[in-house]
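Let me begin by presenting the structure, written as structure tokens, before commenting on it.
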Amino acid sequence: MTNIKNIAIIAHVDHGKTTLVDKIMYHCQLFRENENTGDLILDNNDLERERGITITSKNVSVVYKDTKINIIDTPGHADFGGEVERVLNMADGVLLLVDAFEGPMPQTRFVLQKAIDLGLKPCVVVNKVDKENCTPDEVHEAVFDLMFELGAEEWQLDFPTVYGSAKNNWMSDDWKNETNNIEPLLDMVIEHIPSPKIEEGTTQMLITSLDYSSFTGRIAIGRLTRGELKVGQNISLVKRDGSIVKSKIKELHTFEGLGRKKVDEVIAGDICAIVGLEGFEIGDTVADWENPEGLKTIAIDEPTMSMLFTINDSPFFGKDGKYVTSRHIKERLDKELEKNLALRVSETNSADKFLVFGRGVLHLSVLIETMRREGYELQIGQPQVIIKEIDGVKCEPVEEMTIDLPEEVSGKAIEMVTIRKGERRNVCPALDTTNRCLPNSFDLGFWIERITIWAFPSHIRIT
């Protein structure tokens, strides 16, 4: 089996990415008929299940019509943009999921922009067409307009589309014609997603992710761009700064189903995991022993906010956590830097305090909660916006906020955001003008006080 397709599934938060991957795995018979695996199989982290979002990207592989399809499930929130940016380097195309009722949302724009910039082929899936008052045809047009606005090339604008409901396990070329499986979606992937482009030359693989095993240590994950890899092969590791470190491959694994399969050789175009490399980082290149050539490293959006992490010096010191010293906190933050590309850590004039820079409140709150559950005890400071000086002018990051609310109270929301130095960009009715709320888009300063208005139901999204 030589046919390989590498796809990433991208979408706004809660538009159905992980649910769709579940249905693909069931359709390709990864599980026994009597096996009860539950829902949202790839969201195996406690925090992901509690929050109902994907935080870290996951790899899974299925076989359909003698073609191996490597699927990458990505986070939908802009705070985890570092995850999206690095894993898209392993894909040759993307499945863009869009809610048939909500249409393209702020984070749809964010993840789609990354895919278009990397020159990936998009395939559109209009999901949740079983919702009341949904408008799939208008959503399809809105996706085309968004791609055009983001500077997509002509071959990207000529995208195929399927409609359906991942939750109800069906996809179709026509949203009015319900089927009984998701084969139209998989057929679209086989037909329209290009196979990996195999270039002539020596071995090259960009390390885009890492894993850790208590038995084998750190594991490098990436897509082999050209050449081949074999167990026991000597390789060169081209670092971000251009320096070269010699190393040797001890084990090779490819992705099969939800797990990994140990192999002796990996061909170009496949996604694999390498055991035995020393001192590698995400963004390094695995290259030929004699003639190493580095690939372009991964560019990540800069952090936009910072928080102060320090030891707990309150009277309740040592009551909750197992790891309480500054050494423990520093070691844990250094470990997080290895896999969390959007994170930055800098030391202060005190050995007990560390400035941690991230992409947003959610990004840092997930780190804090993860550390707490692992037994770390620490104090944190108030989030601070990062001010940069560009061409002699002080600049701060901006965010876009969309508020869904009834029309009769939209004036109050506009007033409240204006007080917080927000700038109104757009006020327009949603696709369903009868019982759908009005979205208002604003450009905001980075740190926003949470708006709670008890007089009416509202839905706030910030990217």
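The values are calculated or read from the model by the stated rules, or taken from the named source; none is laboratory data. This structure is a prediction, so every number in the text was calculated from the model and none was measured. Here the Cβ is made from the backbone with ideal geometry for all residues, glycine too, and neighbour counts use every protein chain on show. Heavy atoms of the whole protein, side chains included, go into the accessibility calculation; ligands, DNA and RNA do not. Shrake-Rupley method; radii C 1.70, N 1.55, O 1.52, S 1.80 Å.
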Quiz item: When residues of the stretch 203-233 are filtered for being open to solvent by less than 20 Å² (accessible area, probe 1.4 Å), touching a Leu at 6+ places or on another chain (Cβ under 8 Å) and of a type in the set (Val, Ile, Thr), how many remain?
Solution: 3
Quiz item: Of all the residues that make up the stretch 234-258, how many are in contact (Cβ under 8 Å) with a residue 40 or more places away in the chain, surrounded by fewer than 19 Cβ atoms within 10 Å (Cβ to Cβ) and either under 23 Å from residue 299 (Cβ atoms) or over 24 Å from the mean Cα position of the chain (by Cα) (or both)?
Solution: 6
Quiz item: In the stretch 362-388, how many are in contact (Cβ under 8 Å) with a residue 40 or more places away in the chain, assigned to a loop (DSSP other than H, G, I, E, B) and open to solvent by 30 Å² or more (accessible area, probe 1.4 Å)?
Solution: 4
Practice problem: Would you please list the contacts, defined by Cβ atoms under 7 Å and residues six or more apart or on different chains, that run from a residue in the stretch 95-108 that is under 12 Å from residue 164 (Cβ atoms) to a residue that is of a type in the set (Gly, Ala, Ser) and open to solvent by 10 Å² or more (accessible area, probe 1.4 Å)? | Solution: 97/16
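Condition check ((1) within 17 Å of residue 15 (Cα to Cα); (2) in contact (Cβ under 8 Å) with a residue 40 or more places away in the chain; (3) in contact with a strand residue (DSSP E or B) (Cβ under 6 Å, 6 or more places away or on another chain); (4) surrounded by fewer than 21 Cβ atoms within 10 Å (Cβ to Cβ)) across all residues:
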position: 130; (1), (2), (3), (4): yes, no, yes, yes
position: 136; (1), (2), (3), (4): yes, no, yes, no
position: 145; (1), (2), (3), (4): no, no, no, yes
position: 155; (1), (2), (3), (4): no, no, no, yes
position: 169; (1), (2), (3), (4): yes, yes, no, yes
Quiz item: Which one is modelled with the highest pLDDT among residues in the stretch 83-119 that are closer than 18 Å to residue 271 by Cβ and open to solvent by 40 Å² or more (accessible area, probe 1.4 Å)?
Solution: 118
Quiz prompt | Members of the stretch 303-357 found to be free of Cβ contacts under 8 Å to residues at least 40 places away in the same chain and of a type in the set (Phe, Trp, Tyr), listed by number | solution = 316
Practice problem: Could you list all residues from the stretch 259-276 that are among the charged types (D, E, K, R), free of Cβ contacts under 8 Å to residues at least 60 places away in the same chain and surrounded by 17 or more Cβ atoms within 10 Å (Cβ to Cβ)? | Solution: 260
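Could you look through the stretch 19-48, keep only residues that are open to solvent by less than 50 Å² (accessible area, probe 1.4 Å) and modelled with pLDDT of 80 or more, and pick out the one that is farthest from residue 84 (Cα to Cα)?
28
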